[in-house]
Amino acid sequence: MINEVIEIESFNPFECQFPNRKLITRETLILIKNLRAAGHNVRILPDNDQPLEILYKKGFSELFSDVLFLYMCGKAVDVAVNVISSQVEKLLESGKNVKTENIIINIDRSTKNYNYLGEKVLTSTKKKLLEERLQFKQEFERCFNTISPFHKYPIPIFLEHKPKIVGWCLIYEDEKGLGTEGIVTDKKVKRRISQGRLKGFSITGIAKLTQCSICKSKFTDCNHIPRNFYDNKECVNKIIEADFIEGSIVKEPINPQCLINMQL
């Protein structure tokens, strides 16, 4: 059994709107589950009493879009790098759009950083990613401090989940699932939708309460991996309670049913 602890940073780009939330993305959680399965003890930073919650983008296919930092030492390094590399390679083979440059591994708390293949990453590259992450967070803060001119539509609409408001919407849940209605205010985005160049919609949310379909426990706590089968039963993460953050217009939704129906 491997005893070294692997530490992974949580990151909340929406701190201004949803403070004191310890967030990781769905693909980071799957990575954590694979590391646990390989015998690693994984700790999520900051190591506090805040519950771990999942930041998800429903209908969006770009994985590891947020910068992921892992800290590891000793014998854990080689095994962990193999687990990370294997997961990323599976995503790439399946045709997923994976931002592999956003995965930074720091070994023995040194000044040296590596990518998911164990290759050294330049200090300037890490600095650039950190600066971009901070800027990303600050730009979201500016957007969420903007008051909607439409009382019925309080939630901002972004383009490809980038922090620039192109409209306003209402996100709701009914017996059919998640839905939204709203107004696009950006003329260029309107034109691209009418031309069929933008046709999908994606919703960012925080899964506060989740349940594993296999063990019925909190999905962030167990080691069952989604889409894997256990005794012929597929593992699925059931979101019981969530906060909706924003909606985004996207070029190609991962779910072909997440389409825009624009009324002129």
Notebook entry, point to check: Given 96/152; 96/238; 58/90; 127/187; 112/218, which pairs have Cα atoms separated by over 25 Å?
Noted result: 96/152; 127/187; 112/218
Notebook entry, point to check: Rounded to a whole number, what is D in µm²/s for the chain from Stokes-Einstein with the Kirkwood radius over alpha-carbon pairs (25 °C, 0.890 mPa s)?
Noted result: 124
Check: Using modelled amide H (1.01 Å from N, peptide plane; none on Pro or chain starts), what sits under 5 Å from the amide H of residue 185, excluding residues fewer than 5 places away?
Finding: 167, 168
Item checked: 3J(HN,Hα) from dihedral phi, segment 132-144, Karplus parametrisation 6.51/-1.76/1.60, rounded to Hz, x for glycine, proline -> 5, 5, 5, 4, 4, 5, 5, 5, 5, 4, 4, 5, 6
Notebook entry, point to check: Between residue 198 and residues 5 or more places away or on another chain, which pairs have amide H atoms under 5 Å apart, with H built 1.01 Å from N, and which residues are they?
Noted result: 193
Next item on the list: Using a/c under 1.5 as the rounded threshold, could you call segment 76-126 rounded, prolate or oblate? The axes a ≥ b ≥ c are square roots of the C-alpha gyration tensor eigenvalues, and prolate needs a/b larger than b/c, oblate otherwise.
Entry: oblate
Note to self: I need 45, 29 ordered by Cβ neighbour count within 10 Å, fewest first.
What the structure shows: 45, 29
Checklist line | Bridge type composition, the chain - antiparallel percent by DSSP, nearest 5 | finding: 65
Checklist line | 49, 66 arranged by Cβ crowding within 10 Å, fewest neighbours leading | finding: 49, 66
Margin query: Using Cβ counts within 10 Å as a stand-in for footprinting exposure, how do 25, 146 rank, fewest first?
Written below: 146, 25
Note to self: Using only the alpha-carbon atoms, how far is helix 76-93 inclined from the longest principal axis of the chain? Give it as 0 to 90 degrees, nearest 10.
What the structure shows: 40
Checklist line | Amide H contacts of residue 245 (H built 1.01 Å from N, under 5 Å, at least 5 apart or other chain) | finding: 204, 205, 206
Note to self: Given axes a ≥ b ≥ c from the Cα gyration tensor, I'd like to know whether segment 5-144 is rounded (a/c under 1.5), prolate (a/b larger than b/c) or oblate.
What the structure shows: rounded
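Quick note: the coordinates plus some simple rules give every number you see, no bench work behind them. Keep in mind it's a predicted model, so treat the numbers as computed, not measured. Because the Cβ atoms are built from the backbone with ideal geometry, glycine has one as well, and the counts that use them run over all protein chains shown.
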